[in-house]
Amino acid sequence: MKGGFLEEQITKEATERPKREEQAGSKDWDEATIDGMAKVLEEILLEKSRLAKNDLERRIRTGTGVRDFKARCCGAPDVPVPGEDEDIAARLLKEYTKPSAMREHVGPIMEQATQIFSRVQDRGKTDGMKMDSDTEVQVVRDVIKECLIRHVLKCINNENSGNVASGSHDAGLLATPQGYFGGDLENFDQNCIRGLMEDGYGYQDDFIDENTTKDIFKELEFMDFDGKLVEVQQQKMTGYRTDRIMWMNFEALDREKQPGLVTLMKKMISIPFELNKKCSLYLQASSNFQLACYPAKAYYKRHVDGGYEDLNNGRKITAVFYPNDSWSEGDGGNLRLFKRQLNPFQLQEYEKKGEAPPIQSKEDVAEEVEPKGGRMVLFRSRDMPHEVLATRGKRYAISLWMMGPPGPGDQADGHHSRT
């Protein structure tokens, strides 16, 4: 589709807008307009190397702007159905961006875009600014793109609201140690487990042998050179993070070309089973990984992977593996972990006892962990603020988020909430 068609349709929409007096939700769209704007929406998703569609997929998978979702059947985890290559996120994305879905999106998206653009125009007039025609087309395009992404996220959110209502207490397949037959579940020593339970984090060196670690680094480099890892544009523009990422399911690996990643991900898949065996955290099985590249000077500012109550996205434990076999102390890129914050259950215990909780400084650093090759870091997704400091050389990381209910392992000893 030629870019001129997009300009023509958007310009037509912009020029006709002042003539419309219908209230939002009352516009009666004719078929020709719907067909034209549906094509515009499709082109917006695919232009600039699928920038908008990649952003949409990232938000679906990371929970940015939408609740966490589970599979359609019985709260099954987000893994491909046997015989299928796509996981539930990919299937939902395809379902809600197909041509027939785009036609259904036209009305609400364009009415919302009209309202937003009108506010932009009013603000410009107030400030004594006026857009030329080219600028107006670009602004309209950007507004429509954001409205499209948010509307699709809302549709997916609504479809999965039933599963979300049950929260992470009931959804997903529990990683039952008795049902794991891939090994002895003894990958982490006592110090790592104790650190995770008491301080909120722990790490294990030599999680993978040296040769396999080198293979993993090379395999990630090939994927990076192939352009499969992309920047998170929205967060990069706000200065929040500057790494490149991609999502990959274990089933999508090439067993011949990516033997290192196959070995690593098999072992990482066992982590929730081991932690349930040793810590009773009620974690769910997972096989969906994030691969990240931090080129020189890249960073990721302070954030928390999960939360409680309204901020609960299901994530309970974060696992991060570093394949940087030649990393040295001067290369930067350390994982800065801030001290564990008191969670609602701990605060309730102080309240029951009539005691004031200890004063915590949000700036207190627990440790700066170097991303050395072969190192696996575990930390509590809901409790541990962290950031990635600026790198001086290329740094890779493979992350797995394990879902689980707040309560087990978070509360005082001997007390568990219903799951």
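Worth a mention:
- Counting Cα-Cα pairs of region 287-330 in 5 Å increments starting at 0 gives whole-percent bin shares of 5, 11, 19, 25, 18, 12, 7, 3, 1.
- Burial ranking of peptide ranges 204-212, 361-369, 379-387 (average Cβ count within 10 Å, highest at the top): 379-387, 204-212, 361-369
- Remark: region 195-286 carries 47 Å² of accessible area per residue (probe radius 1.4 Å; ligands, DNA and RNA excluded).
- Percent accessible area from carbon and sulfur atoms, region 286-419, protein chains only, probe 1.4 Å: 46 percent
- At q = 0.14 Å⁻¹ the log10 of I(q)/I(0) for region 195-337 amounts to -0.81, computed by Debye summation with a single uniform scatterer per C-alpha, solvent ignored.
- Counting only protein heavy atoms and a 1.4 Å probe, region 295-398 has 46 square angstrom of accessible area per residue.
- Of the trypsin sites (Lys or Arg not before Pro) found in region 237-287, those that fall in a DSSP loop while having at most 12 other beta-carbon atoms within 10 Å are R255, K257.
- P(r), alpha carbons of region 346-388 - 10 Å bins starting at zero, rounded %: 19, 38, 27, 13, 3
- Percent accessible area from carbon and sulfur atoms, region 208-279, protein chains only, probe 1.4 Å: 51 percent
- Cα-only Debye scattering, region 107-149: base-10 log of I(q)/I(0) at q = 0.21 Å⁻¹: -0.65
- Overall Cα dimensions of region 283-398 - principal axes, largest extent first, Å: 52, 32, 22
- Once the Cα gyration tensor of region 242-310 is diagonalised, semi-axes √(5λ) in Å: 24, 22, 10
The values are calculated or read from the model by the stated rules, or taken from the named source; none is laboratory data. On a predicted model such as this, the values are computed, not experimentally measured, just so you know. No Cβ is skipped: glycine too gets one built from the backbone with ideal geometry, and neighbour counts run over all protein chains shown. Note: areas computed on protein heavy atoms with side chains; ligands, DNA, RNA excluded. Shrake-Rupley method; radii C 1.70, N 1.55, O 1.52, S 1.80 Å.
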